[in-house]
Amino acid sequence: MTSSRAIILQGVALAVLATLSWACNFIAPYVLQGYSIQDFMLVRFLMAGLLGAVLLPFYRAQLRGLRPRQWLTGMGLGVLGYLGYSSCIAGGVIYGGPLLIAAFIGTVPVLQALLGNAQHRSLRWGQLAMPIGMLGLGLMLINLQLLHEPNGVGTQMWVGLAFSLAAVLLWLSFSVVNQAAIEHLHTSATTAWTCLMMIGAGLAALILTPLAWMTNLLRLPILGVATPDALHLYAWAFMIALLSSVIGAGAWNLASRRLPMVLSGQLIALESFFATVLGLAFHGRLPSLVEGIGLALILFGTVYSVRVILAPTRNADEHPVNL
């Protein structure tokens, strides 16, 4: 096995671990125990920030190579890709159900391919028509199914749609900025970079807590902060913070060093798959026929887009240019 192939396989394995860990974001609305989603998100990211602050001193040597601007960028990415993205995921699950938000996250790979192709024009636009068409049809089928459900009609469905679109936009922004920032980091600074993201999200949660308290969005002060249900909430918040913010983010940053953005972008589709499985498991049901077809089209469209995007690289390897 060549060194480059081994590096790519390592990157793929790390990306799979990251997407599986991130899929835990989708179960947040199911473990509230009577508390609000605002309670859960603020507690979760306060814990993530605390974990980042505890871990950061162990990587002091990595920090010496970071400029103040990079510190701010890392913490800002934590607000964007941790707190903002995860909050939109939770809102999408609450108002649109587990399938709508998972379907929209499933479009991210092709959208990243479009952005990458617009910048570098490595593919003809016609080559992307088929995977984009399959993704669009899959989304339509899932949305049609939602329209026939009482809880998915009207304002609630549109709110879920808004949260889903916001999650996609936040992830695309995070992915592009983070990929560019990591390219300018020393290879040994990846873990410190992850800690800075966690601290940034934690500081944002700390700033938002008094505002949420004053606007009566929190139920912890009313229901109690030391009840069995509150302890249950803390346990879930800590577990998801550890999986998503520490393991998931760390694995993704390591994968980003080993994979080109066009490939790492495709692998994010696995988050949609894992999230759908977890969401349906917490709902205690299997997907309907229409939902299953829609999800299959999204998955097939994503796989097909990977094949199309990687074909030029494969052909170049098989037929190298003589210089």
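The set of residues in segment 37-76 being of a type in the set (Val, Ile, Thr) and closer than 22 Å to PHE174 by Cα consists of THR73 alone.
For segment 192-234, the set of residues classified as outside any helix (DSSP H, G or I) and either in contact with a Phe, Trp or Tyr (Cβ under 6 Å, 6 or more places away or on another chain) or more than 12 Å from MET41 (Cα to Cα) (or both) consists of THR215, ASN216, ARG219, GLY224, VAL225, ALA226, THR227, listed by residue number.
Residues of segment 126-181 being modelled with pLDDT of 80 or more, over 27 Å from ARG257 (Cα atoms) and of a type in the set (S, T, N, Q), which ones? Answer for segment 126-181, where residues must be modelled with pLDDT of 80 or more, over 27 Å from ARG257 (Cα atoms) and of a type in the set (S, T, N, Q): just SER164.
Tallying residues that are closer than 21 Å to ASP229 by Cβ and not aromatic (Phe, Trp, Tyr) within segment 28-78 yields 16. The condition of being of a type in the set (S, T, N, Q) and crowded, with 18+ Cβ neighbours inside 10 Å holds for only one of ASN216, ASN178, that being ASN178. Of the helices (runs of 4 or more DSSP H) lying entirely inside segment 7-91, those containing at least 3 residues that are out of contact with any Cys (no Cβ under 6 Å at 6 or more places or on another chain) and closer than 28 Å to VAL277 by Cβ span 37-55. When GLY65, GLY11, GLY116 are screened for being modelled with pLDDT under 85, touching a Lys or Arg at 6+ places or on another chain (Cβ under 6 Å) and more than 21 Å from PHE163 (Cα to Cα), only GLY11 passes.
The values are calculated or read from the model by the stated rules, or taken from the named source; none is laboratory data. Everything numeric here is computed off the predicted structure, so don't read it as measured data. A quick note on method: Cβ atoms are made from the backbone with ideal geometry, for glycine too, and the neighbour counts reach across all protein chains shown.
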